[in-house]
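In what follows, a structure is listed as structure tokens, so that the remarks can point back to it.
The values are calculated or read from the model by the stated rules, or taken from the named source; none is laboratory data. Here the structure is a predicted model, which means the values were calculated and not measured. Cβ placement follows ideal geometry from the backbone for every residue including glycine, while neighbour counts extend to all protein chains displayed. Areas reflect the complete protein model, heavy atoms only, side chains present, ligands, DNA and RNA absent. Shrake-Rupley method; radii C 1.70, N 1.55, O 1.52, S 1.80 Å.
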Amino acid sequence: MKSWPEPYRIKMVEAIRLPRREERERILREAGYNLFMVRAEDVFIDLLTDSGTGAMSDRQWSALMRGDESYAQARSWFRFYEAVRGFTGMEHVLPTHQGRAAENLLFSQIARPGISIPNNSHFDTTRANIEFFGAEAVDLVIPEGRDIHLDHPFKGNMDLNRLEALLKEKGRKSVPLCMITITNNTGGGQPVSLANIRATGELCRRYGVPLFLDCCRFAENAYFIKLREPECARMSIREIVAAMFACADGATMSAKKDGLGNIGGFLALRDGDLAARLKSMLILKEGFPTYGGLAGRDLEALAQGFEEVQEEDYLEARVGQIARFGEALKGRGVPILEPTGGHAVYLDARGILPHVPAHAFPAQSLTAELYLEGGVRGVEIGSLMFGKTGKDGRFLPAALELVRLAVPRRVYTDNHLGYVAEVTGEIVQNASSCKGFRIVEEAPFLRHFTARLEPLA
Ligand SMILES: *Cc1c(COP(=O)(O)O)cnc(C)c1O
């Protein structure tokens with residue numbers, strides 16, 4: 001694959017350190033073999049998430065200095081507002097401290113028992129906010145999106161037949177809103193085509209149902225559209241972004257992703273009445289509507305970030321880096337989810353540790369091995385996160401055993417990721433030494449964050 005130098009150079013560095021092998025063994029044991037419990041300082045290459053972990057540019061750091069911290073109608077608010085309205089084309093913008101706060105605001109007005117909210121795949125905070133208000137979150141990604149080895153350019157696409165069946169069956173009273181997540185984080189960071197966003201928008205309009213985008217990675221999605229959708233090859237990223245949002249009535253965003261910021265989010269809407277109702281909730285939960293949960297300096301840095309993230313050379317380097325990382329892993333015999341998505345590579349733990357049964361948590365075992373072998377931190381998306389115990393006491397494993405290696409924006413070089421590929425390749429070579437784990441302590445829900453485990457002999 002052709003190399004592609006990053007379209008930036010490094011002005012400031014942050015030291016990272018690989019603890020010695022004996023230290024890593026002790027650290028992991030003390031953390032109960034759960035990477036969420038390992039101190040960040042003790043991690044060499046941290047691929048836990050791409051959320052809020054990106055590097056800001058010199059232009060963003062200087063924007064911070066221009067932050068206007070006035071309580072109401074600050075200059076920084078207008079800059080943020082113009083930036084968001086600019087790329088979403090939406091009149092009403094509510095700033096929030098994170099994406100989930102925008103989701104909570106929206107669903108506080110819409111979700112209640114008897115209501116269904118379809119999406120290609122709900123992100124876990126979106127699902128949690130919908131279920132919290134008693135509604136049902138329905139995942140309707142195309143069947144190709146559920147097959148981890150199948151090659152398809154837009155595995156995040158909405159299954160239009162199933163969406164139409166749901167709309168027909170329940171009607172707009174019970175389906176008051178439809179979402180599409182771009183890119184589809186839960187489904188492997190897979191993009192959604194412009195044709196599919198358009199068709200979903202048209203279908204929703206026919207049923208009088210507003211379409212909202214969960215647009216955390218809108219720029220990465222736009223870049224995939226440019227690469228893979230022949231009709232869009234000659235459009236600029238900004239044109240594609242405008243075309244995507246033109247199909248939607250509203251959007252929720254975590255600006256910790258394609259805002260290139262460390263904190264922030266928003267809810268954008270076309271409907272002025274809904275916006276007015278939500279603004280009073282915003283004041284209650286987050287803050288005055290011209291700052292939401294954010295400092296003026298955050299609003300400035302994000303306004304700048306929204307511009308930079310749409311620069312094509314940035315996106316080429318970003319998406320290219322993930323693809324090269326995937327190639328490097330495959331070159332070392334590591335099975336991964338394909339094709340690679342926009343923000344992460346997903347390791348197929350079942351393929352890497354075939355002898356570790358689901359009840360011994362192969363994906364969690366792989367996260368432990370990655371840390372032991374190379375000080376690398378990834379996140380388990382397998383039976384520790386989604387496995388359940390049935391009513392008869394039987395263990396019900398997750399559908400897939402994956403380890404997500406999410407790549408922070410503009411933080412690591414190909415050299416760092418090449419090292420991670422090397423470490424993973426060594427684990428594949430010596431896989432038989434890993435016997436799996438058992439849980440010794442767990443919380444009643446969201447156990448993967450705090451569970452303690454021990455290795456099986
Ligand atoms: C991160 C994320 C969210 C939630 O945003 P937070 O800023 O973490 O609250 C919602 N949807 C998707 C697709 C995400 O990736």
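In the set (1) surrounded by fewer than 20 Cβ atoms within 10 Å (Cβ to Cβ); (2) in contact with a Pro (Cβ under 7 Å, 6 or more places away or on another chain), the condition left unmet by Phe154 is number (1). So which residues in segment 411-422 are over 10 Å from Leu47 (Cβ atoms) and crowded, with 21+ Cβ neighbours inside 10 Å? Listed by number, the list holds a single entry, Ala421. Just to be sure before I move on: is Arg206 assigned by TED's automatic domain parsing to the domain that holds Ile117, more than 16 Å from the ligand (Cβ to nearest atom), open to solvent by 10 Å² or more (accessible area, probe 1.4 Å) and more than 14 Å from Gly156 (Cα to Cα) in the structure I sent? Spelling it out, Arg206 is indeed assigned by TED's automatic domain parsing to the domain that holds Ile117, more than 16 Å from the ligand (Cβ to nearest atom), open to solvent by 10 Å² or more (accessible area, probe 1.4 Å) and more than 14 Å from Gly156 (Cα to Cα).
Within segment 252-281, can you find the residues that are among the acidic types (Asp, Glu) and out of contact with any strand residue (DSSP E or B) (no Cβ under 8 Å at 6 or more places or on another chain)? Step through it out loud before you land on a result.
At the first step, the residues of segment 252-281 found to be among the acidic types (Asp, Glu) are 258, 271, 273.
Result: Asp258, Asp273.
Just to be sure, is Thr181 within 16 Å of the ligand (Cβ to nearest atom), open to solvent by 10 Å² or more (accessible area, probe 1.4 Å) and in contact with a helix residue (DSSP H, G or I) (Cβ under 9 Å, 6 or more places away or on another chain)? Spelling it out, it is not the case that Thr181 is within 16 Å of the ligand (Cβ to nearest atom), open to solvent by 10 Å² or more (accessible area, probe 1.4 Å) and in contact with a helix residue (DSSP H, G or I) (Cβ under 9 Å, 6 or more places away or on another chain). Restricting attention to segment 230-248, the residues that are of a type in the set (Lys, Arg) and open to solvent by less than 10 Å² (accessible area, probe 1.4 Å) add up to 0. Picking from Glu91, Glu103, which residue would you name as being within 16 Å of the ligand (Cβ to nearest atom) and among the acidic types (Asp, Glu)? Just a single option satisfies the conditions, and that option is Glu103. The condition of being on the phi > 0 side of the Ramachandran plot, in the same structural domain as Phe212 (by TED's automatic domain parsing), within 16 Å of the ligand (Cβ to nearest atom) and aliphatic (A, V, I, L, M) holds for only one of Leu282, Leu299, Leu260, Leu294, that being Leu260.
For (1) open to solvent by 10 Å² or more (accessible area, probe 1.4 Å); (2) away from the ligand (no atom under 16 Å from the Cβ); (3) modelled with pLDDT of 95 or more, each residue gets a yes or a no:
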| position | (1), (2), (3) |
| --- | --- |
| Asn221 | no, no, yes |
| Leu227 | yes, yes, yes |
| Gly250 | no, no, yes |
| Met253 | no, no, yes |
| Leu267 | no, no, yes |
| Ala275 | no, yes, yes |
| Leu278 | no, yes, yes |
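Within segment 324-371, count every residue that is open to solvent by 20 Å² or more (accessible area, probe 1.4 Å), touching a Pro at 6+ places or on another chain (Cβ under 8 Å) and among the aliphatic types (A, V, I, L, M). Of the residues in segment 324-371, 1 are open to solvent by 20 Å² or more (accessible area, probe 1.4 Å), touching a Pro at 6+ places or on another chain (Cβ under 8 Å) and among the aliphatic types (A, V, I, L, M). Evaluated against (1) open to solvent by 60 Å² or more (accessible area, probe 1.4 Å); (2) more than 12 Å from the ligand (Cβ to nearest atom); (3) not in a helix (DSSP H, G or I), Thr186 falls short on exactly one condition, (2). Checking Arg438, Arg447 one by one, the residue that is surrounded by 15 or more Cβ atoms within 10 Å (Cβ to Cβ) and among the charged types (D, E, K, R) is Arg447 and no other.
Contact map, segment 28-54: residues that are free of Cβ contacts under 8 Å to residues at least 60 places away in the same chain paired with residues that are open to solvent by less than 30 Å² (accessible area, probe 1.4 Å) and assigned to a helix (DSSP H, G or I), Cβ distance under 8 Å, separation 6+ or inter-chain. Pairs shown: Arg39/Ile27.
For segment 255-265, which positions are open to solvent by 10 Å² or more (accessible area, probe 1.4 Å) and within 15 Å of Ile182 (Cα to Cα)? Result: Lys256, Lys257.
Taking segment 361-457 as the region of interest, the strands (runs of 3 or more DSSP E) fully inside it that hold 2 or more residues being under 16 Å from Leu28 (Cα atoms) are 379-381, 437-441, 452-455.
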